[in-house]
Amino acid sequence: MSENSCAFEFAPGIYTPAQVEGWKPIAEGVHGAGGKIFVQLWHCGRVGSDAILNGQQPLSPSGVNDDLDLLQVWGLMANGRYARISATPSREMTKAEITATIEEYGRAAANAVKAGADGVEVHAANGYLPHQFMTPSLNKRTDGYRGSADNRLRLLREIIEAVCANVPPERVGVRISPYAAYNNPRDPDPDDTASNLARMLDRFGIAYLHLADTNAWAGRPDLPRFINAVRPHFHRPLIANGGITPLAAAELVGIESVHMVAFGRPFLANPDLPERIRIGGPYNEVRSVGWYGGFEEGYTDYPRLKSA
């Protein structure tokens with residue numbers, strides 16, 4: 001979303017004219033196959049390293065740096081492999097930097113539309129910048145962005161306002177994961193955070209709320225608790241994500257716990273996943289290589305059904 005917002009080296013951006021042009025054939029390809037495409041807007045905040053941020057310190061709500069070994073930052077090695085690298089200390093954002101970051105979200109949303117995307121998703125999950133502002137363990141500011149739940153949600157609220165000034169709210173989604181251990185957000189009351197998020201986002205009339213059950217990756221799913229916290233307060237579509245098999249997804253949608261299920265790793269390993277789900281498999285097993293970046297290996301070299 002900006003040159004100062006990345007936790008994974010060479011992750012694709014949407015902040016320069018060249019990047020907008022680069023997204024256009026991708027959007028056209030998705031539309032040509034009968035699909036829709038939303039561009040996820042991602043600012044990693046304190047989850048970063050000066051090694052991949054042009055020598056700049058990562059930005060964060062309050063410069064909390066006591067847990068750098070728990071932050072997930074990845075870089076491209078000289079041998080072409082992606083590897084986890086050390087996070088470096090962040091510094092507290094100034095008010096001017098907060099304002100500039102909110103404006104970056106608005107510009108990125110506008111650029112996504114220019115590139116032909118059908119909408120955008122604000123990534124407010126996984127311990128990234130909006131999530132960092134939500135939790136008092138990481139947000140120790142002395143201004144109007146800390147303290148009450150409403151104040152801690154202020155950054156996300158202002159981001160959504162900036163995004164919706166460029167994209168209709170019915171084409172905007174938000175991804176949240178208040179229960180996540182990933183990137184160590186340490187929310188002391190995730191149920192309250194989830195409920196407050198749902199109430200706030202419901203007022204915007206956004207397209208959907210994306211529930212990222214990140215702990216399910218490690219076999220500790222929170223999805224039932226997550227759904228119970230948000231469903232009374234958010235009256236638009238819910239999308240569930242995180243370690244969900246196609247069979248479990250069908251059950252979730254069938255009993256109307258959620259409206260849709262998003263697949264990440266299964267889609268990476270199965271480029272024709274919808275067809276495989278339709279016929280009941282078989283499914284390629286995902287490999288750990290290529291999850292965050294690099295070249296063809298782990299991205300475009302999985303066999304399709306016909307070749308399998």
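The values are calculated or read from the model by the stated rules, or taken from the named source; none is laboratory data. Because the structure is predicted, anything quoted here is derived from the model rather than measured. All Cβ positions, even for glycine, are placed from backbone atoms using ideal geometry, and neighbour counts span all protein chains on display.
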**OP:** Look at segment 53-88 and say how many of its residues are under 17 Å from R141 (Cα atoms) and surrounded by fewer than 18 Cβ atoms within 10 Å (Cβ to Cβ).
**Re:** 3
Original post:
In this structure, does A11 turn out to be touching a residue at least 60 places away in the same chain (Cβ under 8 Å), touching a Leu at 6+ places or on another chain (Cβ under 9 Å), closer than 20 Å to G294 by Cβ and aliphatic (A, V, I, L, M)?
Top reply: no
Subject >> Of the criteria (1) farther than 18 Å from A7 by Cα; (2) more than 21 Å from the chain's Cα centre (by Cα); (3) not basic (K, R), which one I102 fails >> reply: (2)
Original post:
How many residues, within segment 104-126, are of a type outside the set (A, V, I, L, M) and assigned to a helix (DSSP H, G or I)?
Top reply: 6
Original post:
If you check W42 against the conditions, is it among the aromatic types (F, W, Y) and at pLDDT 95 or above?
Top reply: yes
Original post:
If you go through segment 190-203 one residue at a time, do you hit one that is out of contact with any Asp or Glu (no Cβ under 7 Å at 6 or more places or on another chain), surrounded by fewer than 20 Cβ atoms within 10 Å (Cβ to Cβ) and under 19 Å from V47 (Cα atoms)?
Top reply: no
Original post:
For segment 48-66, what are the residues that are under 21 Å from the mean Cα position of the chain (by Cα) and charged (D, E, K, R)?
Top reply: none
Original post:
On the given criteria, is D213 in contact with a Gly (Cβ under 8 Å, 6 or more places away or on another chain) and acidic (D, E)?
Top reply: yes
Original post:
Is it true that T101 is assigned to a loop (DSSP other than H, G, I, E, B), crowded, with 16+ Cβ neighbours inside 10 Å, touching a Leu at 6+ places or on another chain (Cβ under 9 Å) and on the phi < 0 side of the Ramachandran plot?
Top reply: no
Subject >> Conditions (1) surrounded by fewer than 21 Cβ atoms within 10 Å (Cβ to Cβ); (2) within 25 Å of V289 (Cβ to Cβ); (3) not β-branched (V, I, T); number of the one not met by G48 >> reply: (1)
**OP:** Please state which one of T214, T193, T245 is under 29 Å from G106 (Cα atoms) and modelled with pLDDT under 95.
**Re:** T214
**OP:** Would you mind stating whether F234 is at pLDDT 95 or above, touching a helix residue (DSSP H, G or I) at 6+ places or on another chain (Cβ under 8 Å) and of a type in the set (A, V, I, L, M, F, W, C)?
**Re:** yes
Original post:
Across segment 69-84, what is the number of residues that are over 20 Å from the mean Cα position of the chain (by Cα) and either closer than 18 Å to A124 by Cα or modelled with pLDDT of 95 or more (or both)?
Top reply: 1
**OP:** Being part of a helix (DSSP H, G or I) and touching a residue at least 60 places away in the same chain (Cβ under 8 Å) is the filter here, so list the residues in segment 172-205 that pass it.
**Re:** L197
**OP:** Tally the residues that are surrounded by fewer than 14 Cβ atoms within 10 Å (Cβ to Cβ), among the hydrophobic types (A, V, I, L, M, F, W, C) and outside any loop (DSSP other than H, G, I, E, B), restricting the search to segment 1-37.
**Re:** 1
